[in-house]
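Quick notes on the structure that follows.
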Amino acid sequence: MLWVADGIALADWELTEVFTRAQGPGGQNVNKVETAVELRFAAAASPHLTPAVKARLRRLAGRRWTEGGEVVIRAEETRSQTRNREIARARLAELVARALVAPRPRIATRPTQGSVRRRLAAKTARGATKALRGPVETEE
């Protein structure tokens, strides 16, 4: 179980971990120890998330969302497999927690009378300035 927020936990069957060799320098261990973690969360099939949360999670995940409806998190920062596993789980929990927060609805407002008056006066002044441009008429 991965606890995300109060009362919301992701079941173990929803999470899949694959361990691979990490990239980059690592000394003698880099070619023989599989420390990198690829954590997959079956978000589309999760019964713990509402459709609205799934839609927000898909938008937040971006490229990490697969066509199969999974969120893929990869961690290879440390040389410890256990620590990379903790980092990946923390990232997933943070991502799902962000998706749980619904955005505040926008309240439509109207401009004040004064701002409308100022805008129209500025437009009139700008139009008058532009009207003065053009060919100059000379008297002969």
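Report the gain in length on full extension from Thr109 to Arg63: 0.36 nm times residue separation, minus Cα-Cα distance, nm rounded to one decimal.
Once the chain is fully extended between Thr109 and Arg63, it gains 13.0 nm.
Using a Förster radius of 35 Å, what is the FRET efficiency between Glu140 and Arg119 based on their Cβ-Cβ separation? Nearest 0.05, please.
0.25
Give me the number: length gained by fully extending Ala52 to Arg133, i.e. 0.36 nm times residue separation minus the C-alpha to C-alpha distance, one decimal in nm. Please list the in-between numbers first.
Values: separation 81, 0.36 × 81 = 29.16 nm, distance 5.57 nm.
Contour length minus the Cα-Cα distance gives 23.6 nm.
Can you work out the FRET efficiency for the pair Glu34 and Asp6, with r the C-beta to C-beta distance and R0 = 35 Å, to the nearest 0.05?
0.50
Which value at 222 nm does the chain reach when only helices count, each DSSP H run of 4 or more adding -39,500 (n - 2.57), with the total divided by all residues and rounded to the nearest 500 deg cm²/dmol?
On the way: 3 runs with 50 residues, N = 140.
Helices in the chain give a 222 nm mean residue ellipticity of -12000 deg cm²/dmol.
Please compute the Cα-Cα pair-distance distribution of the range 1-80 with 10 Å bins starting at 0, giving whole percents from short to long.
17, 41, 26, 14, 2
Going Cα to Cα from Lys54, which aspartates and glutamates come in below 13 Å? Please leave out same-chain ones fewer than 8 positions away.
Glu70
Report, in order of residue number, the helices in the chain meeting two criteria: a C-alpha extent of 24 Å or more along the helix axis, and a mean Kyte-Doolittle hydropathy of at least -0.5; treat each whole DSSP H run as one helix.
Values: long enough: 81-100 (29 Å, -0.40); 113-131 (27 Å, -0.81).
Span-like helices in the chain: 81-100.
Give, as a single signed number, the net charge of other residues whose beta carbon lies under 13 Å from the beta carbon of Thr20, with Lys and Arg counted +1 and Asp and Glu -1.
Summing Lys and Arg as +1 and Asp and Glu as -1 gives +1.
Order 106-112, 120-126 from most to least packed using the mean count of other Cβ atoms within 10 Å.
120-126, 106-112
Once the piece of chain linking Ala102 and Thr16 is laid out straight, how much longer is it, given 0.36 nm per residue of separation minus the C-alpha distance between them?
28.2 nm
Each value in this text was obtained by applying a stated rule to the coordinates, not by laboratory testing. These numbers come from a predicted model, not from an experiment. Glycine gets a Cβ as well: all are built from the backbone with ideal geometry, and neighbour counts include every protein chain shown.
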